[in-house]
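Asks: Here it is, the structure, as structure tokens.
The values are calculated or read from the model by the stated rules, or taken from the named source; none is laboratory data. Nothing here was measured: the structure is a model prediction, and the numbers come from that model. When we count neighbours, we look across all protein chains shown, and the Cβ atoms used for this are built from the backbone with ideal geometry, even at glycine.
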Amino acid sequence: MDRRNFIRSTAITTAGIGVLSSTDLFAQTNGKIKIGFIGVGLRGRNHVQIALNRDDLEIVAICDTQEESLAQCRKQFNAKGTKLPKEYTGGKESYKKMLSSEKLDAVIIATPWQFHKDQSIDAMKAGLYVGCEVIAGLTVQDHWDVVKVSEETGKPYMTLENVAFRRDVLAVLNMHRQGLFGELLHLEGGYQHDLREVLFNDGKNYYGHGVEYGPKAISEAQWRTQFNIDQDGDLYPTHGLGPIMQFVDINKGNRFTHITSYSSKARGLAAYVNKVAPGHPNGKINYKNGDITQTMLQCANGETMLLTHDTHLPRPYSIGFRVQGTDGIWMDVAKGIHIEGKSKPHTWDPADEWVKKYDHPIWKKYEELANGSGHGGMDWFVFNAFIQSVKQKVQTPIDVYDSVTMSAVFPLSTESIAKGNSTLEFPDFTKGKWKTKKNTFMLDDSGM
Ligand SMILES: NC(=O)c1ccc[n+]([C@@H]2O[C@H](COP(=O)([O-])OP(=O)(O)OC[C@H]3O[C@@H](n4cnc5c(N)ncnc54)[C@H](O)[C@@H]3O)[C@@H](O)[C@H]2O)c1
């Protein structure tokens, strides 16, 4: 059964979403859906570029608090020869004016984390689909609030978790669904990315210059670094968790029951500042965020997961995926797959061979369209999945429950560490619906 039929026949998980027949898909707004952007910094403009390359939507309005971001965004429209969108600016709440003044179908939110909850709640209340960048809220209560408003308004909320659409991830998911790994027992993922040149800059250049953060810096260093100063926990859980939770049907027949986190001491950021600019005051800050944070999650069906957050030290990028079952294992760091009975005993096969063989149908079909978009093409897939759901007025493939589940590790890991590495109960954001929901995530290419 394809995703659309599944959604029609099994009741929409979020109350009140109508499903139109295919002839109605373009019934609204002259055949194009109308979208607005809140936040057109680096990430927002990445989405804008993908949107400008499509002919099924119109970017009606953009909102940002900084002229520089708006100016860069204008350049994108001019380069494409597209009519400039209406702009909303002037303060942190100027997005509210955009929501009340414009007739939109959906909004893309790509602002600093501390604004996501209020902006998405206000957008859902204004009747819009919400595609929000990673991190749904700062506290566990924020995550509950997002769920509540999505349920009350019937408006889907999707975390734009692009790694869930990565080519090798979907190929390995395909392998799993064909039974190659046997019964899954343990999965790993994380965000292991040297962000030192993202967390600091000189206020003019993006990467590799300067050691400033806050108002003296640009882009993420303006706001993200403060979290590393204030908070010890996994600050970026969704790139690891968003993909692997689909392998074991979290919120669809399975759920997380418990979470425990540990952090190493924090040395990397101060050491970096002292190396680049000896004597600079930012080298004396007592950064709270441990350099390596690891989080264990227990699943109701008996699987375990390990997430790693590692962003302050010199290291090549890796999500560190591991998918392991009774018959085989994938480890992306090893670039290897081993399937018992098919691989030589105790030997890794190059993962590429298996990934090619089990390439997911959506990648085979849309590879050309995705080419050139960010992060190896997966940015096109996540954006497209969101837009197609808006057009078809169906649930998004990453729904509000999945979105908050992958994001809530942010406050829960922090709480676990603050309570001496306590094991906490993981909230059931579905309030029991996980028992009957079915996993349809990228079962086929419907909705794409
Ligand atoms: N999925 C990914 O691969 C990926 C990659 C990069 C960033 N992100 C996420 O995207 C989001 C944005 O990150 P970024 O790198 O673009 O940061 P950024 O600092 O470059 O951009 C943020 C923009 O939001 C604007 N802004 C701040 N407060 C605002 C408000 N109240 N209303 C409107 N605009 C406001 C800023 O002026 C800035 O232009 C974050 O959640 C980040 O984690 C995701």
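Asks: Does the range 304-320 contain at least one residue that is closer than 21 Å to residue 258 by Cα and among the basic types (Lys, Arg)?
Replies: Looking for residues that are closer than 21 Å to residue 258 by Cα and among the basic types (Lys, Arg), one finds none in the range 304-320, hence no.
Asks: Scan the range 78-89 residue by residue and report those that are more than 10 Å from the ligand (Cβ to nearest atom) and either outside the structural domain of residue 48 (by TED's automatic domain parsing) or part of a loop (DSSP other than H, G, I, E, B) (or both).
Replies: Within the range 78-89, 81, 82, 83, 84, 85 meet the criteria.
Asks: Please state which one of 296, 305 is hydrophobic (A, V, I, L, M, F, W, C) and in contact (Cβ under 8 Å) with a residue 40 or more places away in the chain.
Replies: Only one candidate passes the filter, namely 305.
Asks: Evaluate the range 234-252: report whether one residue or more is without any contact (Cβ under 8 Å) to a residue 60 or more places away in the chain and either more than 15 Å from the ligand (Cβ to nearest atom) or farther than 19 Å from residue 418 by Cα (or both).
Replies: No.
Asks: While we're here: If I filter the range 137-155 for residues that are in contact with a helix residue (DSSP H, G or I) (Cβ under 8 Å, 6 or more places away or on another chain), of a type in the set (D, E, K, R) and within 30 Å of residue 324 (Cβ to Cβ), do I get at least one hit?
Replies: no
Asks: Name every residue in the range 204-218 that is surrounded by fewer than 19 Cβ atoms within 10 Å (Cβ to Cβ) and either within 18 Å of residue 193 (Cβ to Cβ) or near the ligand (Cβ under 8 Å from one of its atoms) (or both), in order of residue number.
Replies: 206, 207, 208
Asks: Quick one: in the range 99-119, which of the residues that are out of contact with any Leu (no Cβ under 7 Å at 6 or more places or on another chain) and within 20 Å of residue 58 (Cα to Cα) is nearest to the ligand (Cβ to nearest atom)?
Replies: 110
Asks: Sort through 96, 103, 117 and tell me the only one that's assigned to a loop (DSSP other than H, G, I, E, B) and either in contact (Cβ under 8 Å) with a residue 60 or more places away in the chain or touching a helix residue (DSSP H, G or I) at 6+ places or on another chain (Cβ under 8 Å) (or both).
Replies: It is 103.
Asks: Could you check, for the range 172-186, whether at least one of its residues is modelled with pLDDT of 95 or more, more than 11 Å from the ligand (Cβ to nearest atom), in a helix (DSSP H, G or I) and under 26 Å from residue 315 (Cα atoms)?
Replies: Yes, there is a match, as at least one residue in the range 172-186 is modelled with pLDDT of 95 or more, more than 11 Å from the ligand (Cβ to nearest atom), in a helix (DSSP H, G or I) and under 26 Å from residue 315 (Cα atoms).
Asks: Can you name the residue in the range 11-53 that is out of contact with any Leu (no Cβ under 8 Å at 6 or more places or on another chain), at pLDDT 95 or above and charged (D, E, K, R) and, of all such residues, is nearest to the ligand (Cβ to nearest atom)?
Replies: Of everything passing the filter in the range 11-53, 43 is nearest to the ligand (Cβ to nearest atom).
Asks: Do you know which residues across the range 329-348 are surrounded by 13 or more Cβ atoms within 10 Å (Cβ to Cβ) and farther than 21 Å from residue 243 by Cβ?
Replies: Residues satisfying the conditions are 340, 343.
Asks: So which residues in the range 396-413 are part of a helix (DSSP H, G or I) and buried (at least 24 other Cβ atoms within 10 Å of the Cβ), if there are any at all?
Replies: If the condition is that a residue be part of a helix (DSSP H, G or I) and buried (at least 24 other Cβ atoms within 10 Å of the Cβ), then 400, 401, 402, 403, 404, 405, 406, 407, 409, 410, 412, 413 are the ones that fit.
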